[in-house]
1. Using a 1.4 Å probe and ignoring any ligands, DNA or RNA, find the accessible area of residue 7 and quote it in Å² to the nearest 10.
2. Kindly provide the helix-only [θ] at 222 nm of the chain, computed as the sum of -39,500 (n - 2.57) over DSSP H runs of four or more divided by all residues, to the nearest 500 deg cm²/dmol?
3. Quick one: accessible area per residue over the chain, 1.4 Å probe, rounded to a whole number of Å²?
4. If each of residue 151 and residue 180 carries a label point 7 Å out from its Cα toward its Cβ, how far apart are those two points in nm?
5. Which of 63, 112, 17 sits closest to the plus end of the dipole of the range 13-153, meaning its Cα is farthest towards the positive end, when Lys and Arg get +1 and Asp and Glu get -1 on the C-beta?
6. Excluding ligands and nucleic acids, what accessible area in Å² is computed for residue 58 using a 1.4 Å probe, to the nearest 10?
7. Mean projection of the alpha-carbon convex hull of the chain over all orientations, in nm²?
8. What percent do you get for the relative contact order of the chain when only Cα pairs under 8 Å and 6+ apart count?
Amino acid sequence: MSLRINDVVPDFTAETSEGTINFHEWIGDSWAILFSHPKDFTPVCTTEFGAVARLDDEWTKRGAKVIGISVDGVEDHKKWKSDIETYAGLPAKFPIIADTDLAVSKAFDMLPAEYYLPGNATPADSQTVRSVFIIGPDKKLKLSMTYPMTVGRNFAEVLRALDALQTSTANTVATPADWKVGEPIIIPTSVNDEAAKEKYGEFETIFPYLRKAKLPA
Ligand code: BEZ
């Protein structure tokens, strides 16, 4: 069964481009973003990993560690990193897991559907899809998204979703569609108007169940 939000994510020990890691230990007290890709030395993947490298300061600012994974081996990962760095114009500091036996891909359910059909598995089916898992310091899954091979991910959206998760966790609020840091949050319906006034001062009531406020500084 696939991972669900609030499940503790599988722990594992794996070889990476930066040495052996134990996943839960590596996460430590940080947030973590695990993102899979189908294959090293491929065009879409190179642009995606370049995008992640360019966001290095942004992940650090948010206390988040990023780690990539594919079914290729450590030596390929190390060589491919040099292409990623050329493309990004910056170092790619994050590790890439070498999931050559598919153990992690299977544990996180990152393989395409055909792979699970008995007798239908081909080498191409062993390529992971483009998944992103945002994991909290409690090692629980907070968010996941999956894209097909042909569509490169929007890592600005991954960053925005991380901001929304961190804000909603820290303040017990929700965030509206397209929300960005600094914009009004949604007051939970469990908070009555009186308590909302005390906590947020002014707030906007669009419907009794949809109230927006600025977070206190
Ligand atoms: C890519 O462009 O990232 C890609 C192309 C073919 C297979 C896997 C990945």
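1. Residue 7 has an accessible surface of roughly 40 Å² with all protein chains in place.
2. Numbers: 7 runs with 68 residues, N = 217.
So the calculated ellipticity at 222 nm is -9000 deg cm²/dmol.
3. Numbers: 11120 Å² over 217 residues.
Here the per-residue accessible area is 51 Å².
4. About 2.2 nm separates the two model spin labels.
5. 63
6. 50 Å²
7. Working: hull surface 54.5 nm².
With the hull built on Cα positions only, its mean projection is 13.6 nm².
8. Working: 365 pairs, mean separation 45.9, N = 217.
Answer for the chain is 21 percent.
The values are calculated or read from the model by the stated rules, or taken from the named source; none is laboratory data. What you are looking at is a predicted structure, and each value in this text was computed from that prediction instead of being measured. Here Cβ is always computed from backbone atoms with ideal geometry, including for glycine, and neighbour counts include all displayed protein chains. Heads up: the accessible areas ignore ligands, DNA and RNA and are worked out on the full protein's heavy atoms, side chains in. Shrake-Rupley method; radii C 1.70, N 1.55, O 1.52, S 1.80 Å.
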